[in-house]
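The values are calculated or read from the model by the stated rules, or taken from the named source; none is laboratory data. These numbers were taken from a predicted model, which means no experiment stands behind them. All Cβ positions, glycine included, derive from the backbone under ideal geometry; neighbour counts span all protein chains shown.
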């Protein structure tokens, strides 16, 4: 079961911090946190069954921007839980909020966001988020009793 | 000589995009851009001679937050130039602005920021930016005729 | 419980293949397998309690050489088990054998080796493997009924 | 011009060691050397114009195995030169020898090998090395006066 701090996140990935994630300062390198975000973002996509939807329609996800705020340093060994939830839904994009919780520190170590844009890989241009995907996103958030804010839809 | 788009950046690092920087979508993976930012950030630190200053005083840099906006996709082979400049100076931190320019595309592919916080590694707590470092930061920006904005100093 | 193919490996680490482990050919990049090996090698060191031993004595591990043979391609999503066992014990080094098993493919995807050398980080030179560590290595292998070959001890 | 130690290597790539290549021991992590090998291997492929040949014929390279022996530790900052040359030519594969030379240490830090296998990506099976590629490989080695040994051709 997910950490209580992640109770309102519909998608949570758990993974071990590995020794090689650390840099010369003997804590996890800042770049690695974006790989952690990517791991949960891909799990979010998988839970939406978007990979199959992209194969069928050509409309896939592309990352438009991302950010992280580092609050505490992670060190090996530790196990983390990485959460993702949709906090804003636009016409051609949505914003994921991330939280990384350390088991060893029993608290949040990093928070961040990522903007996922719908992209038509066949026509090589941005696309609107199809209604079908929109329904799946809302259904996934509803599993933890949430309803993302809409902007410009 | 740096690309004209980077004329107002005092620190510019040039490097080849390597094949392994790309992911399954056959463009450079989002995580890698933060490594590019780190490369120029470390060069900025080196140009300030902050490594030696940290060895002498215990006061070193720590990354507080960072962000990137992806405008165009990079692909191998290409050569990039990564710029860093200080756009805001606070009492215990400063903000670096980054720009990544692709030679092949002859334009900006990614822009971002990073907030560098002064940290006293001996006392394990945040520190003020020492006057000596402040002077070096301002001298480095002055090499391209810039003067960073101050906030809360 | 470990996969039957890893029954004779005293140390086994399980982990998810993440999307970002793949490269442009849409299979796990060759470099990443060495990170997988490192992950189980560090777990082997942890099981020997060698980290504490290094802190006490200054004698730590250093990787002298490593190799991998790639038999099948891994793809995301999958879960792997990575095994490590000592196949040869020398006076100042030992050889780890690695096997990576894919759950999805139900078989071995990669095999490899790594030579771990004892290094005196205080005196900055190679060291003999202390008897205490030797006993721990043999005890760990004995948990799966094995006794590593000796060479030059 | 390449370092004298690499005079007999037809393909040499030069690159800066970046800070993030180092791990907690404050030297370049073992995994990173395989990325260095990959960088020069891809340059070797590029010099053979094999990317275009793969697009035309479906026959591309796949890495069958690789190994490294670590002789000295690299640290940031440094610049390295990575060499590749073919030391053995088989019917469906060839063996690359690698050498990494440090400018700062003025010597070899790592040596290694990689076996590149011809693979028919259209038919999803191993392939013979086409005569055209064979000629290109031999012509490339001839630029430094070398002729690779043949085995089983």
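Among residues belonging to region D:87-101 that are free of Cβ contacts under 8 Å to residues at least 40 places away in the same chain and farther than 17 Å from residue D:8 by Cα, point out the one that is surrounded by the fewest Cβ atoms within 10 Å (Cβ to Cβ).
D:92
Which condition breaks for residue B:37 when tested against (1) farther than 17 Å from residue A:30 by Cβ; (2) in contact with a helix residue (DSSP H, G or I) (Cβ under 9 Å, 6 or more places away or on another chain)?
Result: residue B:37 fails condition (1) only.
How many residues are without any contact (Cβ under 8 Å) to a residue 12 or more places away in the chain, over 11 Å from the mean Cα position of the chain (by Cα) and within 23 Å of residue D:74 (Cα to Cα) if we restrict to region D:26-60?
Residues in region D:26-60 being without any contact (Cβ under 8 Å) to a residue 12 or more places away in the chain, over 11 Å from the mean Cα position of the chain (by Cα) and within 23 Å of residue D:74 (Cα to Cα): 3 in total.
Could you tell me which numbered condition residue D:48 fails, if it satisfies all but one of (1) within 22 Å of residue C:25 (Cα to Cα); (2) within 13 Å of chain C (Cβ to nearest Cβ); (3) touching a helix residue (DSSP H, G or I) at 6+ places or on another chain (Cβ under 6 Å)?
Here residue D:48 clears every test but (2).
Exactly one condition in (1) within 14 Å of chain B (Cβ to nearest Cβ); (2) under 18 Å from residue D:86 (Cβ atoms) is false for residue D:9; which is it?
With (1) within 14 Å of chain B (Cβ to nearest Cβ); (2) under 18 Å from residue D:86 (Cβ atoms) applied to residue D:9, the lone miss is (1).
Scan (1) closer than 26 Å to residue B:43 by Cα; (2) in contact with a helix residue (DSSP H, G or I) (Cβ under 6 Å, 6 or more places away or on another chain) for the single condition residue D:63 breaks and write down its number.
Unmet for residue D:63, out of (1) closer than 26 Å to residue B:43 by Cα; (2) in contact with a helix residue (DSSP H, G or I) (Cβ under 6 Å, 6 or more places away or on another chain): (1).
When residue A:57 is evaluated against the numbered criteria (1) out of contact with any helix residue (DSSP H, G or I) (no Cβ under 6 Å at 6 or more places or on another chain); (2) closer than 19 Å to residue D:29 by Cβ, which criterion, by number, is the only one it fails?
(2)
Which members of region A:112-142 meet the condition of being surrounded by fewer than 17 Cβ atoms within 10 Å (Cβ to Cβ), closer than 16 Å to residue A:11 by Cα and in contact with a strand residue (DSSP E or B) (Cβ under 9 Å, 6 or more places away or on another chain)?
Of everything in region A:112-142, just one residue is surrounded by fewer than 17 Cβ atoms within 10 Å (Cβ to Cβ), closer than 16 Å to residue A:11 by Cα and in contact with a strand residue (DSSP E or B) (Cβ under 9 Å, 6 or more places away or on another chain), namely A:138.
In region A:70-88, is there at least one residue being facing chain B (nearest Cβ under 10 Å), modelled with pLDDT of 95 or more, under 27 Å from residue B:114 (Cα atoms) and not in a loop (DSSP other than H, G, I, E, B)? Please lay out each step first, then the result.
Of region A:70-88, the ones facing chain B (nearest Cβ under 10 Å) are A:70-71, A:73.
When the remaining residues are screened for being modelled with pLDDT of 95 or more, the result is A:70-71, A:73.
Next cut, under 27 Å from residue B:114 (Cα atoms) only: A:70-71, A:73.
Subsequent filtering for residues that are not in a loop (DSSP other than H, G, I, E, B) retains A:70.
Yes; the residues of region A:70-88 include at least one that is facing chain B (nearest Cβ under 10 Å), modelled with pLDDT of 95 or more, under 27 Å from residue B:114 (Cα atoms) and not in a loop (DSSP other than H, G, I, E, B).
When region A:28-45 is examined, which residues are found to be more than 9 Å from every other protein chain (Cβ to nearest Cβ) and closer than 21 Å to residue D:32 by Cα?
Once the filter is applied, which keeps residues that are more than 9 Å from every other protein chain (Cβ to nearest Cβ) and closer than 21 Å to residue D:32 by Cα, region A:28-45 yields A:28, A:36.
Kindly provide the set of residues from region B:16-27 that are in contact with a strand residue (DSSP E or B) (Cβ under 6 Å, 6 or more places away or on another chain) and either more than 10 Å from chain D (Cβ to nearest Cβ) or surrounded by fewer than 19 Cβ atoms within 10 Å (Cβ to Cβ) (or both), ordered by number.
Start the filter on region B:16-27 by keeping residues that are in contact with a strand residue (DSSP E or B) (Cβ under 6 Å, 6 or more places away or on another chain), which leaves B:16-17, B:21-22, B:24.
Correct list: B:16, B:17, B:22, B:24.
What single numbered condition from (1) at pLDDT 95 or above; (2) in a loop (DSSP other than H, G, I, E, B) fails to hold for residue C:12?
Of (1) at pLDDT 95 or above; (2) in a loop (DSSP other than H, G, I, E, B), only one is false for residue C:12: (2).
Could you tell me whether residue B:66 is in contact with a strand residue (DSSP E or B) (Cβ under 9 Å, 6 or more places away or on another chain), part of a strand (DSSP E or B), closer than 24 Å to residue D:77 by Cβ and within 13 Å of chain A (Cβ to nearest Cβ)?
On the way: in contact with a strand residue (DSSP E or B) (Cβ under 9 Å, 6 or more places away or on another chain): yes; part of a strand (DSSP E or B): yes; closer than 24 Å to residue D:77 by Cβ: yes; within 13 Å of chain A (Cβ to nearest Cβ): yes.
In short, yes.
For region D:66-86, what are the residues that are crowded, with 18+ Cβ neighbours inside 10 Å, in contact (Cβ under 8 Å) with a residue 60 or more places away in the chain and closer than 30 Å to residue B:45 by Cβ?
D:80, D:81, D:82
Does residue A:40 satisfy the criteria of being surrounded by 19 or more Cβ atoms within 10 Å (Cβ to Cβ) and more than 18 Å from residue A:136 (Cβ to Cβ)? Outline the logic, then answer.
Details: surrounded by 19 or more Cβ atoms within 10 Å (Cβ to Cβ): yes; more than 18 Å from residue A:136 (Cβ to Cβ): no.
So residue A:40 does not fit the description; no.
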